Amino acid sequence: MKSQKTPLFILITYIIMYFSPFLVVRPIASIIKSVNPDLNEKEFIAMTQGWTTFSTFLVGLLIVVFFILRDKNFLKNGFKGGERASTPVAIGWGILGFFIVLAAQMLGGIIETSLGIKAGSESTEILSTVASVSPIIIFSIVFFGPFLEEVVFRRIIFGSLNQTTNFWIATLVSAVVFGLIHNEFSHLILYTSTGLVFAFLYNKTKRLLTTVISHIMLNGFVMLIQLNQDKIMEFIKQAEKLGSVSNVGVNEIGFSISFTFF
């Protein structure tokens, strides 16, 4: 009975966490205003968003971990059968999966560009701007978010469908839902392609550890790129001046580093 209820409890927790910021944003904003009265409007908004996201994600994470710990079989029940990869193999696929996901993102970006969709993610830019003012949000983006999303989209959605239908239906549905939940419908191809890779990795090792590692590495990489984009672009400009980069414009190179958070 406990195993049957755990996915439902976690899913409800995730949904509440997803919609809960409006419940805590006012008290957090009041605290920030009282502690930092000299913040300008832009800094105040960023600080409020950063701490609100961090707080809600942290609480959600702790509750989800509680449910997982009380149900020892939860992480093992995503498949009908098959041998789970050892921890070293799962970690290895997690690292390799990071590079596969990057390739999938680049391919997805090329497809979207060919369809006339503007490169770059507005959501990623907003979160990066917030992170530059309120670094506390980095914990949510790089660590809390990937873990929670892998539990929900791979273990619960993919795992449940994989046991009742088949791999392809489970993969497609979990990847599309994963794309839709990020609220950037113009980049659905990009998000869905990444969801497909994560489903493949999860099915390959039957270990959530694999996709959590890939997801954390992806978000960490994108955050690193975004926070240092000015330095990177300046380096590219200097390289062009020195002739180190030929026949490639700065804007074209900029597209190659325009990855997206998940």
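Scanning the range 42-78 for residues that are among the aromatic types (Phe, Trp, Tyr) and under 26 Å from PRO135 (Cα atoms) turns up PHE44, TRP51, PHE54, PHE57. Condition first: at pLDDT 90 or above, among the aromatic types (Phe, Trp, Tyr) and out of contact with any Lys or Arg (no Cβ under 7 Å at 6 or more places or on another chain). Now tell me which residues in the range 182-236 satisfy that. The answer is PHE200, PHE221.
Meeting the requirement of 3 or more residues that are within 11 Å of the chain's Cα centre (by Cα), the helices (runs of 4 or more DSSP H) wholly within the range 142-235 are 145-149, 188-205, 208-227.
When LEU172, LEU201 are checked against the criterion of being of a type in the set (A, V, I, L, M) and open to solvent by 50 Å² or more (accessible area, probe 1.4 Å), a single residue qualifies: LEU172.
For SER246, are the conditions met, namely being in a loop (DSSP other than H, G, I, E, B), in contact with an Asp or Glu (Cβ under 9 Å, 6 or more places away or on another chain) and either small (Gly, Ala, Ser) or modelled with pLDDT of 85 or more (or both)? Taking the combined requirement at face value, the residue satisfies it. Applying the criterion of being of a type in the set (Ser, Thr, Tyr) and open to solvent by less than 50 Å² (accessible area, probe 1.4 Å) to the residues of the range 121-154, the residue that is modelled with the lowest pLDDT is SER121.
The values are calculated or read from the model by the stated rules, or taken from the named source; none is laboratory data. Since the structure is predicted, the reported quantities are computational estimates derived from the model, not experimental observations. Reconstructed Cβ throughout: ideal geometry from the backbone, glycine too, with neighbour counts over all protein chains shown. What goes into the accessible areas is simple: the full protein's heavy atoms, side chains included, and nothing from ligands, DNA or RNA. Shrake-Rupley method; radii C 1.70, N 1.55, O 1.52, S 1.80 Å.
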